[in-house]
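The values are calculated or read from the model by the stated rules, or taken from the named source; none is laboratory data. Fair warning: this is a prediction, and the values are worked out from it, not measured in the lab. Note that each Cβ is placed from the backbone with ideal geometry, even for glycine, and that neighbours are counted across all protein chains shown. Accessible surface areas use protein heavy atoms only, side chains included; no ligands, DNA or RNA. Shrake-Rupley method; radii C 1.70, N 1.55, O 1.52, S 1.80 Å.
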Amino acid sequence: MDFQQPLLRKARWRPWEFAVWAVAFVLPLLMPSHALMINEIAIVALFAMSLDLILGYTGIVSLGHAAFFGFGAYTAALFAKLVMPDPTVGLVVAIVLCAVLGAIASVTILRGTDLTRLMVTLGTALLLLELANKLDWLTGGADGLQGVVMGPVLGLFEFDLYGRTAAWYSLSVVLLLFLLMRRLVQSPFGATLKAVRDNRLRAMSIGIPVVSRLAVIYTVAAAIAGAAGALLAQTTGFASLDVLAFDRSADVLLMLVIGGVGWLYGGIAGAIVFKLLQDTLSTVTPQYWMFWIGLILVLLVLVGRDRLLRPWTWFGARGSAKP
């Protein structure tokens with residue numbers, strides 16, 4: 001049992017974690033005018049954590065993670081429009097179908113190098129983007145899927161114009177899936193994922209079924225990314241080609257660069273910082289906000305995440321800086 005003690009210690013909740021989630025659920029009440037922003041941050045944080053499962057914990061690099069995000073968004077929107085408007089049922093359907101898509105797509109990432117995976121994942125997202133564009137009779141094409149009306153959550157809570165119900169709905173789903181991901185990465189299964197990330201050949205030599213591990217975690221990550229896309233479509237009542245665009249995959253990678261990989265809270269922190277920077281800078285300099293975000297990212301890489309807010313240490317020794 002001794003070898004399980006480190007895993008058990010890591011699995012314990014810290015007091016600050018309870019405080020973080022308590023503040024998150026109170027914010028829509030304290031800041032009702034920013035409920036829509038809180039909802040958006042919760043959704044992109046879930047999307048970032050889903051990518052971290054394969055990038056930070058398994059070492060699979062992807063430039064097409066938006067494929068699952070967009071597929072989940074269109075699935076939830078079409079389900080609400082054509083079948084039934086219940087958001088929880090639509091969310092479950094989107095998760096299941098995205099898991100199936102992830103299981104199929106996992107076959108493509110089991111072989112080849114990181115460069116091969118980059119091209120394959122990017123190609124998958126581009127194929128879905130073009131498919132959604134061509135099937136305009138179903139998806140609305142470039143105009144987007146409109147006329148999506150969602151029913152009340154659990155039959156009780158109607159979506160309001162201020163976004164408070166949407167924010168609490170998204171936060172609740174994010175918390176549930178976060179608990180699932182936290183349990184997954186802190187388990188012996190999660191330890192084998194880290195072994196595969198660090199040295200795949202060594203992991204195979206000690207008997208870890210690398211192929212099945214990669215397929216399972218890719219499927220789980222796809223399902224969670226689809227849940228994030230479904231939440232976006234359900235809380236906005238709209239789905240467009242933007243959910244499948246390359247920008248989605250690039251932005252979520254930037255969030256993990258900001259927040260840190262291999263740590264679920266890194267995806268949350270990165271999403272908060274990125275969305276606040278995007279909102280603030282696009283208001284101050286609408287034409288050049290991407291330049292300032294790019295400059296911040298360059299500084300982040302050059303000086304390290306731990307020294308970014310301490311300019312007086314930038315020109316000293318870099319021994320303690322994190323990449």
Item to check | Proximal aspartates and glutamates to LYS275, defined as alpha-carbon separation beneath 16 angstrom and excluding residues fewer than eight positions away on the same chain | outcome: GLU40, ASP247, ASP251
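Given a 1.4 Å probe, how much area per residue of the chain is accessible, in Å²?
I get 50 Å² per residue for this part.
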Next on the checklist: Give me, ordered by chain and number, the residues 5 or more places off ASP86 or on other chains with an amide H under 5 Å from its own placed amide H.
Outcome noted: GLY151
Next on the checklist: Cut-off under 18 Å on the C-alpha distance; same-chain residues fewer than 8 positions from LYS194 excluded. Which aspartates and glutamates are left, in chain and number order?
Outcome noted: ASP52, ASP114
Next on the checklist: Here are labelled values, (i) 20.8; (ii) 16.1; (iii) 18.8, and one is the computed mean projected area of the Cα convex hull in nm² for what I pasted. Which one?
Outcome noted: (iii)
Checklist entry - Which shape class applies to region 221-284: rounded if a/c is under 1.5, otherwise prolate when a/b exceeds b/c and oblate if not, where a ≥ b ≥ c are the square roots of the Cα gyration tensor eigenvalues? => result oblate
Checklist entry - Sorted by packing (mean other beta-carbon atoms within 10 Å per residue), highest first, where do 38-45, 25-32, 94-101, 229-236 land? => result 229-236, 38-45, 94-101, 25-32
Checklist outcome for this item: For LEU145, the residues 5 or more places away or on another chain with a placed amide H closer than 5 Å to its own amide H are ALA239, SER240
Checklist entry - Is it possible to state the helix-based mean residue ellipticity at 222 nm for the chain, with each DSSP H run of 4+ residues giving -39500 (n - 2.57), the sum divided by total residues, to the nearest 500 deg cm²/dmol? What is it? => result -22500 deg cm²/dmol
Checklist entry - Could you give me the ³J(HN,Hα) list for region 126-136, computed from phi with Karplus coefficients 6.51, -1.76, 1.60 and θ = phi - 60°, whole Hz, x at Gly and Pro? => result 5, 4, 5, 4, 5, 5, 5, 6, 6, 7, 5
Item to check | Under the Karplus curve 6.51 cos²θ - 1.76 cosθ + 1.60, θ = phi - 60°, whole-Hz ³J(HN,Hα) for region 239-249, x wherever Gly or Pro sits | outcome: 9, 9, 4, 4, 6, 9, 5, 4, 4, 4, 5
Checklist outcome for this item: So, over other residues within a Cβ distance under 14 Å of LEU53, counting Lys, Arg +1 and Asp, Glu -1, the net charge is +4
Checklist entry - Hey, how many Å between the Cα centroid of region 134-207 and the Cα centroid of region 210-282? => result 9
Checklist entry - Cα-based Rg (one decimal) and Dmax (whole number) for region 8-107, in Å? => result 16.6, 47
Item to check | Other-chain or far-sequence residues with amide H under 5 Å of GLY262's (modelled H) | outcome: GLY56, TYR57
Item to check | Share of carbon and sulfur in the accessible heavy-atom surface of the chain [1.4 Å probe, %] | outcome: 71
Checklist entry - With contacts defined as alpha carbon pairs under 8 Å and 6 or more residues apart, what's the relative contact order of the chain in percent? => result 31
Checklist entry - Using θ = phi - 60° and the Karplus form 6.51 cos²θ - 1.76 cosθ + 1.60, what ³J(HN,Hα) does each residue of region 44-61 get, whole Hz, x for Gly and Pro? => result 6, 5, 5, 4, 5, 5, 5, 5, 5, 4, 9, 8, x, 9, 10, x, 8, 8
Checklist outcome for this item: With R₀ set to 35 angstrom, the calculated FRET efficiency between the beta-carbons of SER172 and VAL83, to the nearest 0.05, is 0.95
